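Take a look at the structure set out below.
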Amino acid sequence: QVQLVESGGGLMQPGGSLTLACTVSASVFGIWNMGWYRQAPGKERELVALTSSTGSTDYEQSVKGRFTISRDNAKNTVALQMNRLKPEDTAVYYCFAQVAQTRYDVALSYWGRGTQVTVSS
């Protein structure tokens, strides 16, 4: 059973930094896109950052230049380094990954349970 295990959320002052990490907890055949979404209270879930299996990246406009996504294909992990945090970054952050468990499976999207990030003084 594929599970995504997240860590690294918490409370941070504006201007500070946090790093989120996510690990795919099963041995799988392949992982394609990995990334992070976030959902603030009363708002829809939005894509924050995405990385493909070849290492290309994409970011939501408001986080460009402040957040960096990275992945370690050998360890099946993806991380999100968040710098210069702003109160509007406050949200629950969800890791996702497109995973094929065996060579015969199509890739399905899996989600972590979410980790709270609160930016406040």
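In segment 28-43, the residue that is most open to solvent (accessible area, probe 1.4 Å) out of those that are assigned to a loop (DSSP other than H, G, I, E, B) and more than 15 Å from G9 (Cα to Cα) is K43.
Would you please name the residue that is farthest from L11 (Cα to Cα), looking only at residues in segment 77-115 that are modelled with pLDDT under 95 and not in a strand (DSSP E or B)? By that ranking, first place goes to Y104. If you scan segment 47-87, which residues turn out to be touching a residue at least 40 places away in the same chain (Cβ under 8 Å), touching a helix residue (DSSP H, G or I) at 6+ places or on another chain (Cβ under 9 Å) and farther than 13 Å from C22 by Cβ? Matches in segment 47-87: M82, K86. In segment 63-105, what residues are within 23 Å of E44 (Cα to Cα) and among the hydroxyl-bearing types (S, T, Y)? Result: T68, T90, Y93, Y94. Going through segment 67-94 one residue at a time, which ones are under 15 Å from S53 (Cα atoms) and not polar (S, T, N, Q)? I69, R71, D72, A74, K75, V78, A79, listed by residue number. All conditions but one from (1) touching a Pro at 6+ places or on another chain (Cβ under 8 Å); (2) buried (at least 19 other Cβ atoms within 10 Å of the Cβ) apply to K86; the one that does not is (2).
The values are calculated or read from the model by the stated rules, or taken from the named source; none is laboratory data. The structure presented is a predicted model; accordingly, all values stated were derived computationally and were not measured. Counting neighbours? That spans all protein chains shown, and the Cβs are built from the backbone with ideal geometry, glycine included. Each accessible area value is taken on the protein alone, full model and side chains, heavy atoms only, with ligands, DNA and RNA left out. Shrake-Rupley method; radii C 1.70, N 1.55, O 1.52, S 1.80 Å.
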